[in-house]
Amino acid sequence: MINDSINGKINIFGMTIDELRNVISDLGESRFRAVQLSEWLYKRGLQFFPDMNNMPKSFIEKLDKKYTIQRGEKVVQFTSGDKKTSKFLIKFHDNVAVETVLMRQSYGNSICISSQAGCNMGCAFCASTINGMERNLTASEMLAQTLYINDLLKKEGEKVDTIVIMGSGEPLINYDNVVRFMRLIHEDYCMKLGYRNITLSTCGIIPGIERLTHEGIPVNLSISLHASNQEVRKQIMPIANKYDINDVVKAAEIYASATGRRITYEYILIENVNDTVDHAKELVNLLRGQLASVNLIPLNPVTERDWKQPSAGRVEFFKNYLLKNNVTATVRKEMGQDIKAACGQLRNRNLTSL
Ligand code: SAH
């Protein structure tokens with residue numbers, strides 16, 4: 001059950017249809033109004049109850065007394081020079097703000113949403129973790145990021161086609177809210193988005209992967225691997241001290257066989273850290289024969305760090321080595337670097353410094 005109460009009122013945005021039905025019957029109205037209410041909330045961009053022109057006034061007054069609609073608020077938007085990438089800063093009721101990215105790809109509109117404000121995983125290459133984690137986001141706040149952009153696209157006759165939960169935060173640390181969000185956007189009365197159009201990216205929280213395996217929602221799973229062995233992984237990702245690389249891959253393999261969904265392993269290429277031929281060999285040994293593909297991401301610059309992106313030739317070599325050895329691999333097309341919207345560049349923004 002949703003329980004975010006704001007200024008003494010309960011947030012209705014993000015409730016499931018059953019929860020809306022309960023709200024409505026508590027207020028003494030007929031339950032069929034739940035469908036109308038869900039349409040207003042999730043399809044018609046409702047911000048204020050009095051705008052519902054097909055509801056009795058008395059019902060609207062009762063709703064207004066006890067409930068609030070918290071959709072977050074866009075503070076600022078940046079758009080890249082090529083117009084393909086936009087980054088939005090979305091602020092919530094307590095002034096916490098997160099970054100959300102829209103990428104207009106040839107295959108459709110993809111958004112990258114945040115699951116936490118900041119992150120406490122401490123990955124050495126990533127900007128999102130530099131100021132630690134402020135708090136988990138609720139399902140409602142993930143929905144707010146999504147519908148804000150979807151409503152914007154609707155004005156152009158378009159919509160959000162795919163969602164990646166790859167913004168700031170570790171989604172499997174905020175498991176219940178993230179799963180609730182994924183179920184909600186899948187519902188017909190919400191966005192009706194297929195589970196195969198949703199990707200959850202994790203640094204490899206094994207208990208979370210195991211839980212997700214049995215959740216019955218076959219979303220795509222991305223694992224941020226970034227190393228071919230435990231030693232290198234420990235150097236750049238503190239979570240490796242908790243979970244062994246081989247166990248992470250095993251958990252992902254079980255996920256793939258339970259859901260039939262191919263795993264994507266994300267692998268940031270960092271010059272002289274994880275990009276040599278020996279690393280490529282190890283990676284092949286780790287992943288060969290699995291229902292998996294490797295997404296190579298040339299490191300994006302983060303000012304606080306001094307690691308380098310390998311040369312284009314070295315990236316090509318690494319990719320071709322994997323391909324020659326029957327491990328599917330692609331190089332991620334980077335978007336939005338000029339507005340610091342690329343992977344690992346999202347930050348916990350201090351609103352006063354804008
Ligand atoms: N916590 C989740 C989701 C957020 S990270 C996870 O770890 O997967 C989203 C993706 O961006 C991850 O693959 C992450 O490792 C990658 N990333 C982080 N910093 C980066 C950087 N500087 N350059 C390129 N990719 C980066």
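Bear in mind these aren't lab numbers, they're just calculated from the coordinates by the rules spelled out. This one's a predicted model, so the numbers in the text were calculated from it and none came from an experiment. Cβ: placed from backbone, ideal geometry, glycine included. Neighbour counts: every protein chain shown.
Descriptive notes on the structure:
- Check on Thr79, without any contact (Cβ under 8 Å) to a residue 40 or more places away in the chain, more than 27 Å from Glu39 (Cα to Cα) and among the hydroxyl-bearing types (Ser, Thr, Tyr): no
- When Gln230 is tested against (1) more than 14 Å from the ligand (Cβ to nearest atom); (2) crowded, with 18+ Cβ neighbours inside 10 Å, just one condition goes unmet, and that condition is (2).
- Search result, residues across region 233-271 that are among the basic types (Lys, Arg) and surrounded by 21 or more Cβ atoms within 10 Å (Cβ to Cβ): Arg233
- Selection over region 151-209 of residues that are hydroxyl-bearing (Ser, Thr, Tyr) and touching a residue at least 60 places away in the same chain (Cβ under 8 Å) gives a count of 4.
- Answer residue from region 281-331, given it is among the β-branched types (Val, Ile, Thr) and within 24 Å of the chain's Cα centre (by Cα) and is nearest to Ile268 (Cα to Cα) among those: Ile297
- Glu39 passes every criterion in (1) among the acidic types (Asp, Glu); (2) exposed (fewer than 13 other Cβ atoms within 10 Å of the Cβ); (3) under 29 Å from Glu156 (Cβ atoms) apart from (2).
- Among residues of region 313-346, those that are touching a strand residue (DSSP E or B) at 6+ places or on another chain (Cβ under 8 Å) and either of a type in the set (S, T, N, Q) or within 16 Å of the ligand (Cβ to nearest atom) (or both), counted: 18
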